[in-house]
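Just so it is clear, none of the values below were taken in a lab; they were calculated from the coordinates. These figures come from a predicted structure and were not determined experimentally. A quick note on method: Cβ atoms are made from the backbone with ideal geometry, for glycine too, and the neighbour counts reach across all protein chains shown.
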Amino acid sequence: MPLNLAELFLRQAAERPGHPAILGPHDGACIGYGALQSEMRTLAEHLNTAGIHSGMNIGLHYPGGQAYIAFTYALWLCGACVTPIPMELADEEKQQILHHIAIDAVISTPDYGLFTAFTLGAAIPLTGKSCLLKLKTLREPPPELAGLNPAFIRFTSGTTGDAKGVILSHETVFERIQAANQGLHIGPNDRVVWLLSMAYHFAVSIVAYLTFGATIVLCKNSFGSTILQEASRHRATLIYAAPAHYELMTHDRSGQTLPPSLRLAIVTTARLRTEIALAFHQRFGLPLNETYGIIEVGLPAANLNQPKERQGSVGRVLPAYGIKLLGQDGNGIGEILLRGPGLLDAYYQPWQRREQILQAHGGWLATGDLGLIDGDGYLFIVGRSKEMISVGGMKFFPQEVENVLERHPAIRAACVFAIKARRLGETPVAHLVLAEGNEPPAEAYLKDYCSQYLASYKIPEQFQWVGSLARTASGKLIRNADK
Amino acid sequence: MTATLSQTSKTTMNPTQEIHEHILNECLKGRVPEGFDDDCQLIDEGILDSLAIMKLIAWLEKHFSIEFGDDEIVPEHFNSVNALVGFIKQKRAVSEGN
């Protein structure tokens with residue numbers, strides 16, 4: 001019998017029905033494991049009645065929160081797989097997901113106009129603020145997909161515009177959360193303040209909390225004063241957030257403190273600047289725990305033992321994982337290779353099973369990240385061998401933006417790269433070569449043009465017209481030339 | 001030689017209108033929620049999430065030639081378009097006073 005993550009939640013709900021599953025985001029809001037289970041079952045019945053069944057893949061186009069969690073688990077109860085369609089993407093990016101991943105239906109907010117070209121029949125109301133839209137078949141799913149028992153398909157755009165789509169089975173997610181919990185030790189006494197996007201972070205976080213009986217604390221906004229207030233009000237034991245959230249907490253002027261119950265302040269999504277780590281520790285007397293999370297692996301490393309002494313390190317790899325560095329330079333820096341439980345099951349397009357992906361490195365997954373390991377086994381991430389850009393923790397490849405820019409008739413060639421930004425970490429900038437016979441369009445026009453095709457965090461902050469782009473001898477763009 | 005198209009940060013247009021339009025175009029992608037006006041609760045209505053706030057700050061700093069202090073990123077300044085305009089006026093007044 002294949003594993004279903006929803007069944008693991010049901011076991012917790014049966015064991016502790018009155019235990020709070022979610023607190024907030026509004027004052028006094030609390031739903032217990034039993035009530036959340038009822039909500040999921042009711043939704044699953046509605047979905048079943050509407051024709052959602054085992055083997056289907058359903059897009060989830062909905063903001064993070066209690067309903068997002070309930071929809072995900074309800075779909076699993078139906079035996080369906082979930083493909084998040086992040087709300088912040090541009091319409092064209094959302095439609096691209098439908099073209100690349102075979103999606104049978106979408107659960108959406110009432111703002112579903114962008115899907116209407118793909119729908120079959122009228123929208124079916126689910127809750128007051130959501131509906132189900134059945135979709136036309138745009139492509140067939142890979143034949144081997146159903147056999148993997150998929151829980152999630154996370155769409156990722158590749159470096160050359162090729163869509164990848166990471167497939168995570170129920171078994172894989174379960175392996176990941178078990179491996180992570182060898183370090184995190186999450187249990188029913190934990191109350192986790194949650195601040196991230198559920199469309200990007202769900203597997204080794206929300207699923208872990210609900211599988212291990214913890215309580216999720218949702219905040220009504222992510223200002224420092226609010227996070228501190230909610231952490232204290234709910235006696236949080238763990239905060240799971242991006243560096244920007246800790247920066248806001250550090251500079252909060254309300255004078256609030258963190259509760260003595262807090263045992264871990266997990267940093268994820270982007271690199272933590274030393275000055276934030278030091279300022280946070282100085283104000284709250286607590287170190288920040290940096291982690292290393294990647295969609296293909298899960299959470300293989302976390303600095304849980306020496307966050308203060310080895311600030312800047314994402315810690316040792318957790319017990320279930322192995323690590324080695326490939327092609328180390330004279331300073332010991334090399335590409336991080338990992339192995340262990342819960343590695344991705346497959347890439348969706350082009351279809352590649354786990355064994356094929358790992359074959360190139362003898363069973364190890366090449367992460368594309370560059371790292372250094374000190375004498376005691378602490379890993380420091382020092383860069384990316386891939387040219388990914390991270391804006392406030394939202395990651396994308398520059399080629400995506402270049403492809404959009406080069407579709408414009410006035411642009412002959414584009415090079416997009418990151419420059420450092422104070423609060424966002426990085427921000428994209430574009431160098432453009434004008435197509436012959438054209439006048440350079442104004443910056444405001446180019447931003448408008450990009451916004452039709454790209455999420456706002458991917459739109460370059462500046463556009464500079466150049467005579468030519470820097471390239472290697474083999475013609476490859478040099479994106480770091482102006483960093 | 002490179003020629004940048006970045007606009008200068010000085011503006012003589014109405015800040016309320018500029019911020020209103022920026023939020024409509026950048027954060028709402030032109031989808032105007034019912035009842036959206038300059039007193040609309042940008043945080044409580046979920047119009048500004050944490051990434052949108054950071055992007056908005058970067059734009060406001062560049063566009064209005066101001067700088068947010070780390071301790072000035074608080075809900076009361078981002079509650080509405082009018083609250084943002086009030087904060088910017090206050091920052092400019094201080095800056096001009098100096």
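Of the strands (runs of 3 or more DSSP E) lying entirely inside region A:27-101, those containing at least 1 residues that are within 14 Å of chain B (Cβ to nearest Cβ) span A:57-61. Has region A:140-158 got any residue that is part of a helix (DSSP H, G or I) and either within 14 Å of chain B (Cβ to nearest Cβ) or touching a residue at least 24 places away in the same chain (Cβ under 8 Å) (or both)? Scanning region A:140-158 turns up at least one residue that is part of a helix (DSSP H, G or I) and either within 14 Å of chain B (Cβ to nearest Cβ) or touching a residue at least 24 places away in the same chain (Cβ under 8 Å) (or both). Pairs meeting the criteria (first residue in region B:49-65 and more than 9 Å from every other protein chain (Cβ to nearest Cβ), second residue part of a helix (DSSP H, G or I), beta carbons under 6 Å, at least 6 apart or on different chains) are B:F64/B:I88. For the subset of region B:84-98 comprising residues that are free of Cβ contacts under 8 Å to residues at least 40 places away in the same chain, surrounded by fewer than 18 Cβ atoms within 10 Å (Cβ to Cβ) and not hydroxyl-bearing (S, T, Y), which member is nearest to A:N221 (Cα to Cα)? Only one residue fits best here, namely B:G86. With respect to (1) of a type outside the set (G, A, S); (2) away from every other protein chain (no Cβ under 14 Å); (3) within 21 Å of the chain's Cα centre (by Cα), the lone exception for A:I227 is condition (2). Restricting attention to region A:102-116, the residues that are within 14 Å of another protein chain (Cβ to nearest Cβ), touching a residue at least 40 places away in the same chain (Cβ under 8 Å) and assigned to a loop (DSSP other than H, G, I, E, B) total 2.
It is to be established whether one or more residues within region A:391-404 are assigned to a strand (DSSP E or B) and more than 14 Å from chain B (Cβ to nearest Cβ). No, that holds for no residue.
In region B:66-84, the residue that is nearest to A:L195 (Cα to Cα) out of those that are at the interface with chain A (Cβ under 7 Å from one of its Cβ atoms) and outside any loop (DSSP other than H, G, I, E, B) is B:P75.
Of all residues in region A:319-342, those that are surrounded by 22 or more Cβ atoms within 10 Å (Cβ to Cβ) and out of contact with any Pro (no Cβ under 6 Å at 6 or more places or on another chain) total 2.
Selection of region A:419-445 for residues being touching a strand residue (DSSP E or B) at 6+ places or on another chain (Cβ under 6 Å) and without any contact (Cβ under 8 Å) to a residue 24 or more places away in the chain yields only A:E443. Looking only at residues in region A:464-479 that are within 14 Å of chain B (Cβ to nearest Cβ) and assigned to a loop (DSSP other than H, G, I, E, B), the one that is farthest from the chain's Cα centre (by Cα) is A:G467.
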